[in-house]
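Reading through the structure tokens given below for one structure.
The values are calculated or read from the model by the stated rules, or taken from the named source; none is laboratory data. Please read all numbers here as calculations on a predicted model, not as lab measurements. Positions of Cβ are generated from backbone atoms using ideal geometry, with glycine treated the same way; all protein chains shown enter the neighbour counts. Heads up: the accessible areas ignore ligands, DNA and RNA and are worked out on the full protein's heavy atoms, side chains in. Shrake-Rupley method; radii C 1.70, N 1.55, O 1.52, S 1.80 Å.
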Amino acid sequence: PFNPSTRFPLDISNTADVTLRVFDILGSEIYKQTESSLNPGVYDLDTPFIWDASGYSSGIYLYAFELSTGEIKFNKLMLVK
């Protein structure tokens, strides 16, 4: 759970363009962020992916990382206000 912003850690093995998409529980895309040419590595505290959800209601959200290498990673998160 998070309130009101969160960081999205990411581990990539090859240089890639990376797009983060956040969806509401109905599947509508509500946020999108793209970073070009991320180098291989683990992005945790230094992740460029930060979502300020202060304008959104509490609930469960889904997110996906889409890499230009064709890899897609899905997960869910919970916003608690």
Q) Only one of Thr47, Thr69 is more than 13 Å from Ile30 (Cβ to Cβ) and at pLDDT 95 or above; which? A) Thr47
Q) Inside segment 5-22, can you point out the residues that are open to solvent by less than 40 Å² (accessible area, probe 1.4 Å) and part of a strand (DSSP E or B)? A) Thr6, Leu10, Ile12, Ala16, Val18, Thr19, Leu20, Val22
(Q) I'd like to check which strands (runs of 3 or more DSSP E) are fully inside segment 26-81 and have at least 1 residues that are open to solvent by less than 70 Å² (accessible area, probe 1.4 Å) and more than 17 Å from Ser13 (Cβ to Cβ). (A) 29-38, 50-52, 59-67, 72-79
